[in-house]
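The values are calculated or read from the model by the stated rules, or taken from the named source; none is laboratory data. Here the structure is a predicted model, which is why all the values come from computation and not from measurement. We place every Cβ from the backbone using ideal geometry, glycine too, and count neighbours over all the protein chains shown. To get the accessible areas, we keep the full protein, side chains included, count just its heavy atoms, and leave off ligands, DNA and RNA. Shrake-Rupley method; radii C 1.70, N 1.55, O 1.52, S 1.80 Å.
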Amino acid sequence: MDRALRRKITNSIFVGLCGAATLIALGALVFILWSLVVNGIGGLDLNIFTMTQPAPGSVGGLANAITGSIFMCAIGMVLAIVVGILAGTWLAEYGGQTPYGHAVRFLNDVLLSAPSILVGLFVYEILVRPFHGFSGYAGAVALALLAAPIVTRTTEDMLTLQPNTLREAGMALGAGRGFVIRSVIWKAAGAGLLTGALLGFARISGETAPLLFTSLGNQFFSANLTQPMASLPTTIFQFALSAYDDWRRLAWVGALLIAVAVLAVNTIGRMLARETHRP
Amino acid sequence: MNDVAPASMISASTDAPIMHVPPADTLVLEARKLDFFYGKNQSLFGVDLPIERNKITALIGPSGCGKSTLLRALNKIYDLYPGQQATGRILLDGKDILSDRGSVARLRARDGDVQIDPANLDVSALRARIGMVFQKPTPFPMSIYDNVAFGVRLYHKKSKAEMDQIVERSLRRAALWDEVKDKLSSSGLGLSGGQQQRLCVARGIAVEPEVLLLDEPASALDPVSTAKLEETLMELRNDFSIVIVTHNLQQAARISDHTGFMFLGKMIEFRPTAELFERPQSTRTRDYVTGRFG
């Protein structure tokens, strides 16, 4: 067989395999989203946002779980972003090549893939047991511990991508190193840093295991972070496994809400990044 | 194998450099017997470089000859990287800028008990007086206006009106004003390569440095942008002293007043540009400027 023809065939086989793999991945995603919409959309009404979770057989919503999730995710993300961006910046700009830097990077990578249930147990030991109670704060810290390594890793990668000439250009004007990082490098890497935060948020928004040990769940409405707090994942967990049809319907609605929230935050974040980075 | 210099050239490299040094009182910046090390690798060997005030000094030579290294020593930008060291003297207006304890110790270990007259400038203040433009344009991810104002804001508190003036003046001097005056608030990243490079020049001169260092500023630009940049540099000579590293011999011949030819980390010949190009004294200079190697 002549060589050009053989290459053509090899090429089509490879492209075909790539296309098939993409179809499988996309198919799974579409199937998940489809079942979420089909099962969740029917239960979606105003009560979901205004009423707390009902006893089986009565009318209710998910207001307590939605509030709890928003509170804990927000606090967790603030903690994770502060710690992650500073740690990632240190790794990329200052101490990343020292032995301590290598150790920090390695431990961060370990944390990145740590089972979330271990993180939950850890926070249970340091924040729940000593203070004799489950709390929203403990839940937020557990979520922060899961998101921070993602933010750290992405931050380091994104800052390392920035060319050294940009740092030199800032310093050649007489600016200090820290100032150049804050005012030039962070800005240049802005979209990347945002991606890190979004990835972190996507990771923690559906986490259940660490919350079971820390914020526990709460069937009543509570905005008090020192008390046990409801959250969408724990509520879904509880309702989905129950024997009651109305609870199971609420669980589907909760799952749909999480998916929509992640999708919305990602879309908005990317639009903002594009807006500020448009030349 | 064409990029390796013939053996005869390397063996001749112990010759004393041919230096035509301008009168001492016309010098703004001067390197004397400068050695430079990347870790253990020495890449400059006792280089002298006089920079005359309000003139353009060009550095030419084949790749890896040390011309960029020399340029990067002059504003201590190498300082960012651990392991890079300069030994020797660099004088800004007659004062030593390599006056930190380590540099002085290395200098005395090499040359005996040299008297130095420290400039007492921290490295940021030094860089505010010796500006630099790089090979690839490096606009910051912010508006054109903020790019130019960046360096000024570091050291001076200016009113809006004063800053507007500085920005306009700098952009005019960099021959960019007419092209950007209606879009000062749009991002510097949206400009063409040539415009970006002139924006970097404007940013560099906005802080009114005494010396402007340019490291192959036109190598990423098309001929039209290059011509514009060269015109700009010729104008700027009236206010600044310029050092330009270039691979383009015609460029050095067109715009510079003095030219230094470097080879294998040494200054081979430093003379007024016309003389160096028309009557090179070193055979290596002659071979290089006539295109026999490099």
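For the reader, a short list of remarks on this structure follows.
- A search for C-beta distances below 6 Å between a residue of segment A:27-50 that is outside any helix (DSSP H, G or I) and any residue that is of a type in the set (Val, Ile, Thr), counting only pairs 6+ apart in sequence or on different chains, returns A:Leu44/A:Val253.
Matching residues to (1) more than 22 Å from A:Ala80 (Cβ to Cβ); (2) open to solvent by less than 80 Å² (accessible area, probe 1.4 Å); (3) modelled with pLDDT of 90 or more:
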position	(1), (2), (3)
A:Ile185	no, yes, yes
A:Gly192	no, yes, yes
A:Leu212	no, yes, yes
A:Ile236	yes, yes, yes
A:Ser242	yes, yes, yes
A:Trp252	yes, no, yes
A:Ala255	yes, yes, yes
A:Ala273	no, yes, no
A:Arg278	yes, no, no
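- Of the helices (runs of 4 or more DSSP H) contained entirely in segment A:171-275, those carrying at least 3 residues that are more than 14 Å from chain B (Cβ to nearest Cβ) and among the polar types (S, T, N, Q) fall at A:232-240.
- Across segment B:92-124, the number of residues qualifying as of a type in the set (A, V, I, L, M, F, W, C) and in a loop (DSSP other than H, G, I, E, B) comes to 6.
- Any hit, segment A:131-145, residues being at pLDDT below 95, of a type in the set (S, T, N, Q) and surrounded by fewer than 18 Cβ atoms within 10 Å (Cβ to Cβ): no
- Given (1) touching a helix residue (DSSP H, G or I) at 6+ places or on another chain (Cβ under 9 Å); (2) not small (Gly, Ala, Ser); (3) not assigned by TED's automatic domain parsing to the domain that holds A:Ile150, index of the condition A:Leu26 fails: (1)
- The strands (runs of 3 or more DSSP E) found wholly in segment B:167-268 and carrying at least 3 residues that are open to solvent by less than 50 Å² (accessible area, probe 1.4 Å) and within 14 Å of chain A (Cβ to nearest Cβ) occupy B:211-215.
- With respect to the stated conditions, B:Leu70 is open to solvent by less than 50 Å² (accessible area, probe 1.4 Å) and away from chain A (no Cβ under 14 Å).
- Here B:Gln115 fulfils each of the conditions (1) on the phi < 0 side of the Ramachandran plot; (2) in contact (Cβ under 8 Å) with a residue 12 or more places away in the chain; (3) open to solvent by 20 Å² or more (accessible area, probe 1.4 Å) apart from (2).
- Single residue of segment B:128-163 satisfying the filter (over 23 Å from B:Asn75 (Cα atoms) and not in a helix (DSSP H, G or I)) that is most open to solvent (accessible area, probe 1.4 Å): B:Lys157
- Hits in segment B:73-91 - residues which are over 9 Å from the mean Cα position of the chain (by Cα) and either in a loop (DSSP other than H, G, I, E, B) or away from chain A (no Cβ under 14 Å) (or both): B:Lys76, B:Tyr81, B:Pro82, B:Gly83, B:Gln85, B:Ala86, B:Thr87, B:Gly88, B:Arg89, B:Ile90, B:Leu91
- Flag for A:Leu161 being away from every other protein chain (no Cβ under 14 Å), of a type outside the set (Gly, Ala, Ser) and open to solvent by 10 Å² or more (accessible area, probe 1.4 Å): no
- Residue in segment B:9-57 that is modelled with the highest pLDDT, counting only those that are open to solvent by 80 Å² or more (accessible area, probe 1.4 Å) and of a type in the set (S, T, N, Q): B:Asn41
- Test: residue in segment A:83-101 that is open to solvent by 50 Å² or more (accessible area, probe 1.4 Å), assigned to a helix (DSSP H, G or I), assigned by TED's automatic domain parsing to the domain that holds A:Ala189 and closer than 22 Å to A:Ala138 by Cβ: yes
- Some residue of segment A:189-209 being in the same structural domain as A:Arg105 (by TED's automatic domain parsing) and under 30 Å from B:Leu214 (Cβ atoms): yes
Yes or no, residue by residue, for (1) within 26 Å of B:Phe36 (Cβ to Cβ); (2) at pLDDT below 95; (3) within 14 Å of chain A (Cβ to nearest Cβ):
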| residue | (1), (2), (3) |
| --- | --- |
| B:Leu107 | yes, yes, no |
| B:Gln115 | yes, yes, no |
| B:Ser124 | yes, yes, yes |
| B:Lys136 | yes, yes, yes |
| B:Asp146 | no, no, yes |
| B:Tyr155 | no, yes, yes |
| B:Lys160 | no, yes, no |
